Amino acid sequence: MAVTWTPPPGYLMCEALQERAGRLPVRQQLVAALGAIQRCFPFFERSTTRFPARAAFRAAAEASLRFAWEQPGPLAERAPQIREQSRRLAVELRGFVPTGPEDRILDGDDSWITVTFGNLAEHLDLIGYPDPAAYTRATVGAAANLVSSWYATGEMLHDRDPALEGQTGSSGYLLELATLARHLEWLERRELTPALVDLVRQDSIRTGDTLLAIVDEWLPPEAT
(Lines give C-alpha, C1' and ligand atoms only; values in the text may rest on other atoms or scores of the structure.)
Protein backbone atom coordinates (compact mmCIF):
# COMPACT_ATOMS: atom_id res chain seq x y z
CA MET A 1 0.00 0.00 0.00
CA ALA A 2 1.35 3.40 -0.97
CA VAL A 3 2.06 5.78 1.87
CA THR A 4 0.47 9.21 1.47
CA TRP A 5 2.58 12.09 2.74
CA THR A 6 0.68 14.69 4.74
CA PRO A 7 2.52 18.03 4.86
CA PRO A 8 2.77 19.60 8.33
CA PRO A 9 0.48 22.60 9.01
CA GLY A 10 3.37 25.08 9.06
CA TYR A 11 4.52 23.91 5.64
CA LEU A 12 1.03 24.34 4.21
CA MET A 13 0.72 27.79 5.77
CA CYS A 14 3.97 28.89 4.15
CA GLU A 15 2.74 27.69 0.77
CA ALA A 16 -0.54 29.54 1.25
CA LEU A 17 1.27 32.78 2.12
CA GLN A 18 3.52 32.42 -0.91
CA GLU A 19 0.49 32.09 -3.19
CA ARG A 20 -1.20 35.02 -1.45
CA ALA A 21 1.86 37.22 -1.99
CA GLY A 22 1.84 36.37 -5.69
CA ARG A 23 -1.68 37.79 -6.01
CA LEU A 24 -0.73 41.27 -4.81
CA PRO A 25 -0.24 44.13 -7.27
CA VAL A 26 3.28 43.98 -8.70
CA ARG A 27 4.74 46.85 -6.65
CA GLN A 28 3.38 45.34 -3.43
CA GLN A 29 4.70 41.91 -4.43
CA LEU A 30 8.22 43.27 -4.73
CA VAL A 31 8.06 44.97 -1.33
CA ALA A 32 6.92 41.70 0.29
CA ALA A 33 9.78 39.84 -1.41
CA LEU A 34 12.31 42.46 -0.40
CA GLY A 35 11.21 42.14 3.23
CA ALA A 36 12.04 38.43 3.15
CA ILE A 37 15.48 39.16 1.68
CA GLN A 38 16.08 41.72 4.43
CA ARG A 39 15.21 39.15 7.11
CA CYS A 40 17.89 36.84 5.70
CA PHE A 41 20.54 39.55 5.78
CA PRO A 42 21.64 39.16 9.44
CA PHE A 43 22.50 35.51 8.73
CA PHE A 44 24.55 36.51 5.69
CA GLU A 45 26.21 39.36 7.58
CA ARG A 46 27.40 37.04 10.34
CA SER A 47 28.48 34.38 7.87
CA THR A 48 30.92 36.83 6.26
CA THR A 49 32.90 36.85 9.52
CA ARG A 50 32.96 33.05 9.74
CA PHE A 51 33.62 32.26 6.10
CA PRO A 52 36.15 34.71 4.64
CA ALA A 53 35.31 33.74 1.05
CA ARG A 54 32.01 35.59 1.51
CA ALA A 55 33.53 38.81 2.86
CA ALA A 56 34.09 40.22 -0.63
CA PHE A 57 30.35 40.05 -1.30
CA ARG A 58 29.23 42.01 1.71
CA ALA A 59 29.70 45.56 0.40
CA ALA A 60 27.92 44.76 -2.86
CA ALA A 61 25.04 43.06 -1.05
CA GLU A 62 24.64 45.97 1.36
CA ALA A 63 24.69 48.55 -1.44
CA SER A 64 22.24 46.56 -3.55
CA LEU A 65 19.84 46.06 -0.67
CA ARG A 66 19.84 49.78 0.13
CA PHE A 67 19.24 50.61 -3.52
CA ALA A 68 16.39 48.09 -3.77
CA TRP A 69 14.57 49.65 -0.82
CA GLU A 70 14.95 53.07 -2.44
CA GLN A 71 13.53 51.75 -5.73
CA PRO A 72 10.81 49.27 -4.70
CA GLY A 73 8.84 49.30 -7.96
CA PRO A 74 9.29 47.21 -11.14
CA LEU A 75 12.32 47.90 -13.29
CA ALA A 76 10.14 49.09 -16.18
CA GLU A 77 8.74 51.92 -14.06
CA ARG A 78 12.14 53.43 -13.28
CA ALA A 79 13.90 56.26 -15.07
CA PRO A 80 16.49 55.09 -17.65
CA GLN A 81 19.50 55.96 -15.48
CA ILE A 82 17.97 54.13 -12.51
CA ARG A 83 17.26 51.07 -14.65
CA GLU A 84 20.88 51.06 -15.78
CA GLN A 85 22.17 51.32 -12.22
CA SER A 86 19.83 48.53 -11.14
CA ARG A 87 21.12 46.27 -13.87
CA ARG A 88 24.76 47.07 -13.04
CA LEU A 89 24.18 46.05 -9.43
CA ALA A 90 22.45 42.85 -10.55
CA VAL A 91 25.40 41.97 -12.79
CA GLU A 92 27.77 42.43 -9.86
CA LEU A 93 25.68 40.17 -7.62
CA ARG A 94 25.49 37.53 -10.34
CA GLY A 95 29.27 37.53 -10.44
CA PHE A 96 29.20 35.66 -7.12
CA VAL A 97 27.96 32.39 -8.63
CA PRO A 98 30.26 29.57 -7.42
CA THR A 99 32.88 28.47 -9.92
CA GLY A 100 32.73 24.81 -8.91
CA PRO A 101 32.01 22.37 -6.07
CA GLU A 102 35.26 23.30 -4.31
CA ASP A 103 34.47 27.01 -4.19
CA ARG A 104 34.74 28.09 -0.53
CA ILE A 105 31.69 30.33 -0.92
CA LEU A 106 29.64 27.14 -0.58
CA ASP A 107 30.72 26.74 3.06
CA GLY A 108 28.05 27.63 5.60
CA ASP A 109 24.35 28.38 5.21
CA ASP A 110 22.54 29.50 2.07
CA SER A 111 21.80 33.07 3.20
CA TRP A 112 24.33 34.43 0.71
CA ILE A 113 22.30 33.02 -2.19
CA THR A 114 19.25 35.03 -1.14
CA VAL A 115 21.14 38.31 -0.79
CA THR A 116 23.32 37.96 -3.89
CA PHE A 117 22.61 36.28 -7.22
CA GLY A 118 19.69 34.08 -6.19
CA ASN A 119 17.02 36.60 -5.16
CA LEU A 120 18.33 40.14 -4.73
CA ALA A 121 19.82 40.21 -8.23
CA GLU A 122 16.47 39.09 -9.60
CA HIS A 123 14.77 41.88 -7.68
CA LEU A 124 17.04 44.37 -9.43
CA ASP A 125 16.80 42.81 -12.89
CA LEU A 126 14.31 39.98 -13.35
CA ILE A 127 15.66 37.40 -15.81
CA GLY A 128 15.32 34.03 -14.08
CA TYR A 129 11.55 33.91 -13.54
CA PRO A 130 8.67 34.11 -16.02
CA ASP A 131 7.00 37.01 -14.21
CA PRO A 132 7.15 39.00 -10.94
CA ALA A 133 4.52 36.79 -9.29
CA ALA A 134 6.66 33.67 -9.79
CA TYR A 135 9.66 35.53 -8.40
CA THR A 136 7.65 36.75 -5.41
CA ARG A 137 6.27 33.31 -4.59
CA ALA A 138 9.80 31.93 -4.57
CA THR A 139 11.38 34.79 -2.65
CA VAL A 140 8.91 35.45 0.17
CA GLY A 141 9.62 31.94 1.47
CA ALA A 142 13.41 32.47 1.58
CA ALA A 143 13.60 33.44 5.26
CA ALA A 144 11.30 30.60 6.31
CA ASN A 145 13.43 28.11 4.37
CA LEU A 146 16.61 29.49 5.93
CA VAL A 147 15.24 29.25 9.47
CA SER A 148 13.95 25.74 8.76
CA SER A 149 17.39 24.60 7.61
CA TRP A 150 19.02 26.07 10.71
CA TYR A 151 16.51 24.26 12.92
CA ALA A 152 17.42 21.00 11.19
CA THR A 153 21.12 21.74 11.67
CA GLY A 154 20.59 22.38 15.37
CA GLU A 155 18.67 19.17 15.83
CA MET A 156 21.36 17.14 14.09
CA LEU A 157 24.11 18.78 16.16
CA HIS A 158 22.16 17.71 19.26
CA ASP A 159 21.77 14.18 17.82
CA ARG A 160 18.02 14.62 17.42
CA ASP A 161 15.75 13.90 14.47
CA PRO A 162 15.39 17.02 12.27
CA ALA A 163 11.80 16.19 11.39
CA LEU A 164 9.99 18.53 8.97
CA GLU A 165 7.16 18.92 11.46
CA GLY A 166 9.61 20.37 13.98
CA GLN A 167 11.27 22.56 11.37
CA THR A 168 7.96 24.08 10.24
CA GLY A 169 6.48 24.31 13.73
CA SER A 170 9.43 25.94 15.46
CA SER A 171 9.32 29.34 17.15
CA GLY A 172 11.54 30.89 14.49
CA TYR A 173 9.60 29.48 11.56
CA LEU A 174 6.27 30.56 13.01
CA LEU A 175 7.62 34.04 13.77
CA GLU A 176 8.70 34.36 10.15
CA LEU A 177 5.27 33.26 8.91
CA ALA A 178 3.54 35.69 11.26
CA THR A 179 5.78 38.50 10.01
CA LEU A 180 5.06 37.66 6.38
CA ALA A 181 1.32 37.46 7.08
CA ARG A 182 1.40 40.86 8.80
CA HIS A 183 3.24 42.43 5.87
CA LEU A 184 0.76 40.96 3.40
CA GLU A 185 -2.09 42.47 5.39
CA TRP A 186 -0.42 45.87 5.29
CA LEU A 187 0.23 45.60 1.56
CA GLU A 188 -3.29 44.43 0.82
CA ARG A 189 -5.10 47.05 2.87
CA ARG A 190 -2.97 50.21 2.71
CA GLU A 191 -1.84 52.53 -0.02
CA LEU A 192 1.74 51.83 -1.02
CA THR A 193 3.61 54.91 0.16
CA PRO A 194 7.27 55.51 1.08
CA ALA A 195 6.17 55.35 4.72
CA LEU A 196 4.66 51.88 4.25
CA VAL A 197 7.76 50.64 2.41
CA ASP A 198 9.91 51.88 5.29
CA LEU A 199 7.57 50.22 7.80
CA VAL A 200 8.07 46.85 6.06
CA ARG A 201 11.82 47.48 5.94
CA GLN A 202 12.20 48.42 9.60
CA ASP A 203 10.00 45.56 10.75
CA SER A 204 12.04 43.16 8.63
CA ILE A 205 15.29 44.44 10.13
CA ARG A 206 13.98 43.85 13.66
CA THR A 207 12.55 40.44 12.84
CA GLY A 208 15.75 39.34 11.08
CA ASP A 209 17.74 40.13 14.21
CA THR A 210 15.22 38.21 16.34
CA LEU A 211 15.34 35.21 14.02
CA LEU A 212 19.12 35.11 14.32
CA ALA A 213 18.86 35.18 18.13
CA ILE A 214 16.31 32.33 18.07
CA VAL A 215 18.55 30.24 15.84
CA ASP A 216 21.43 30.76 18.27
CA GLU A 217 19.26 29.23 21.01
CA TRP A 218 18.92 26.07 18.91
CA LEU A 219 22.63 25.55 18.39
CA PRO A 220 25.27 24.14 20.74
CA PRO A 221 27.54 26.90 22.16
CA GLU A 222 30.46 25.84 19.98
CA ALA A 223 28.37 26.35 16.83
CA THR A 224 27.36 29.97 17.51
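Quick rundown of the values:
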quantity	calculated
Linear extension gain, A56 paired with A181, 0.36 nm per residue minus alpha-carbon span	41.6 nm
Cα gyration tensor category, rounded, prolate or oblate, for segment 164-224 with a/c compared to 1.5	oblate
Area accessible to solvent at V97, 1.4 Å probe radius, in Å²	70
Share of carbon and sulfur in the accessible heavy-atom surface of segment 1-135 [1.4 Å probe, %]	57
Test item: Cα-centred dipole of segment 1-49, Lys/Arg +1 and Asp/Glu -1 on Cβ, debye	160
Percent breakdown of C-alpha pair distances by 10 Å bin, ordered from the shortest bin, for segment 62-206	10, 32, 36, 17, 4, 0
Accessible surface ranking that places the most exposed of Y151, Y135, Y11 first, with a 1.4 angstrom probe	Y11, Y151, Y135
Where segment 77-215 is the region considered: accessible area per residue in Å², 1.4 Å probe	47
Cα-centre dipole for segment 166-224 with unit charges at Cβ (Lys and Arg positive, Asp and Glu negative), debye to 20	220
Magnitude of the charge dipole, the chain, Cβ model with Lys/Arg +1 and Asp/Glu -1, debye to 20	740
Mean residue ellipticity (222 nm) of the chain, computed from DSSP H runs ≥ 4 via -39,500 (n - 2.57), nearest 500	-21500 deg cm²/dmol
Kyte-Doolittle at least 0.0, axis length at least 15 Å by Cα - qualifying DSSP helices, the chain	26-50, 55-70, 142-157, 194-218
Largest-first ordering by accessible area, 1.4 Å probe, given options L212, L174, L199	L174, L199, L212
Equivalent ellipsoid dimensions for segment 1-83 as semi-axes, Å, which come from the Cα gyration tensor, largest first	31, 23, 9
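The values are calculated or read from the model by the stated rules, or taken from the named source; none is laboratory data. Quantities reported herein were computed from a predicted structural model and do not represent experimental measurements. Glycine gets a Cβ as well: all are built from the backbone with ideal geometry, and neighbour counts include every protein chain shown. The protein model used for the area step is the full one, side chains on, heavy atoms only, and it has no ligands, DNA or RNA in it. Shrake-Rupley method; radii C 1.70, N 1.55, O 1.52, S 1.80 Å.
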